[in-house]
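Below is one structure; the comments refer to it alone.
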Amino acid sequence: MSLIRLQDVSVRFETAQVLREAFFRLEPGDRVGLIGKNGSGKTSILKLILGQVTPDTGTVTLEPGVKVGYFSQFSELDGQATISEVLDDLFVEIKAVEAELASIDAAIAETPSDAELDRLIHRQAELFEQMDRLDGWDYKRRIDTALTTLGFNEAHRVCPIDELSGGWRNRAALAKILLEGPDVLLLDEPTNYLDVAGVEWLEAWFRDFRGAAIIVSHDRRFLDAVVSRIIEVENFHLHEYPGNFGEYVVQKQFRLKTLEQQFVHESELLAFEAEGISDRREAAKAASKNLGSQLAKIKKARAPGPSTRSSPRSTAGCTSRIPCAGSKASARPTATRSCSPT
Ligand SMILES: Nc1ncnc2c1ncn2[C@@H]1O[C@H](COP(=O)(O)OP(=O)(O)O)[C@@H](O)[C@H]1O
Ligand SMILES: [Mg+2]
């Protein structure tokens, strides 16, 4: 089952249509770059996944138990704890294992009985395995690297978060979400407040991250380094392009070219059909004009006149609609008579 699935989703706010019959699936390990013009609906898609926006029609489904981490340029941590304490608390399970291992070390140093030593060594082996599974041996180094690369100096690290500026609280939120290790990361413009070193650290962090991610970003270089497919929100629909941003640019040009060719082709077809219609109209007009002039001629030919009156049979004998050859006035009895089959 997909981690996240949008099925035939439409969203409309009071004045703005955002999505119409949109489909999307996020699979394990997917790295999706979500792009589109400002106001096209990128943030709304993340909020649909978070359950903060409800679709008007269609469904949004998350795999049961999936852990989602969300960071936006407006995310900020708060509270009286320091950032070091907050990040340290994320690793409670690892810290418990660490504490038990320390107590086993101490007990072994006390020269226990053989049976007790066996028990301690057995338990120690179990805990080592658990640490491996939790990837817990270097969590302190991971915290330190995250804080250092995001620019936290010693003063920032020991300061209550509430006393940090908005920008630092935003970075603190990013550090916390990444170190929580969610199954799915939703990042909305994560590089906006990062310097070059911060962006590089984030890129490197993604190389080790095993989860899936949807990243909204205008940072082409960052997208190139991190994502494996691009979804573009355009005209209320989601268009998918495999590969990173560079590959998207090429595919998009190709798609536009194809659309343009399709448009030209369709325009040609329409023009062709329109010509056909106009030809038929002209033909119909010409035919009725012809008919009109022929009728006029016939009427004229039948118009009462001295010679017609004197020789009605000869006029009646001119059955053809074609005016009599060589005759200017077909009403004249001589001309009429000349083409009479009788
Ligand atoms: N809660 C809301 N109420 C009304 N309109 C909203 C709401 N949230 C977003 N919009 C509108 O929906 C459109 C898409 O917004 P958004 O998803 O934030 O776009 P993006 O993230 O691509 O810039 C915009 O026109 C925005 O004004
Ligand atoms: Mg947005």
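Quick look at the values:
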| quantity | calculated |
| --- | --- |
| Scope region 22-37; condition away from ligand 1 (no atom under 14 Å from the Cβ) and not β-branched (Val, Ile, Thr); matching residues | Phe23, Phe24, Arg25, Leu26, Glu27, Pro28, Gly29, Asp30, Arg31 |
| Residue in region 192-208 that is in contact (Cβ under 8 Å) with a residue 24 or more places away in the chain, touching a Phe, Trp or Tyr at 6+ places or on another chain (Cβ under 8 Å) and within 19 Å of Gly36 (Cα to Cα) present | no |
| Test: residue in region 50-71 that is within 15 Å of ligand 2 (Cβ to nearest atom), buried (at least 16 other Cβ atoms within 10 Å of the Cβ) and under 28 Å from Gly246 (Cβ atoms) | yes |
| Among (1) in a loop (DSSP other than H, G, I, E, B); (2) modelled with pLDDT of 95 or more; (3) surrounded by 16 or more Cβ atoms within 10 Å (Cβ to Cβ); (4) not aliphatic (A, V, I, L, M), the one test that Phe152 misses | (2) |
| Residue that is closer than 23 Å to Leu223 by Cα, among the small types (Gly, Ala, Ser) and within 17 Å of the chain's Cα centre (by Cα), where the choices are Gly58, Gly69, Gly41, Gly29 | Gly41 |
| Filtered residues of region 38-61 (kept if more than 7 Å from ligand 1 (Cβ to nearest atom), among the charged types (D, E, K, R) and either closer than 24 Å to Phe206 by Cβ or at pLDDT below 95 (or both)) | Lys47 |
| Subset of region 11-33 (residues that are more than 12 Å from His237 (Cα to Cα), within 14 Å of ligand 2 (Cβ to nearest atom) and aliphatic (A, V, I, L, M)) | Ala16 |
| From Leu3, Leu101, Leu19, residue being over 30 Å from Glu154 (Cβ atoms) and more than 12 Å from ligand 1 (Cβ to nearest atom) | Leu3 |
| Residue in region 73-83 that is loosely packed, with under 14 Cβ neighbours inside 10 Å and either within 16 Å of ligand 1 (Cβ to nearest atom) or not in a loop (DSSP other than H, G, I, E, B) (or both) present | yes |
| Residue among Leu179, Leu186, Leu223 that is assigned to a helix (DSSP H, G or I), surrounded by 15 or more Cβ atoms within 10 Å (Cβ to Cβ), under 16 Å from the mean Cα position of the chain (by Cα) and in contact (Cβ under 8 Å) with a residue 12 or more places away in the chain | Leu223 |
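The values are calculated or read from the model by the stated rules, or taken from the named source; none is laboratory data. What you see is a predicted model; the values in this text were computed from it and never measured. As a convention, Cβ positions derive from the backbone with ideal geometry for all residues, glycine included, and neighbour counts pool all protein chains shown.
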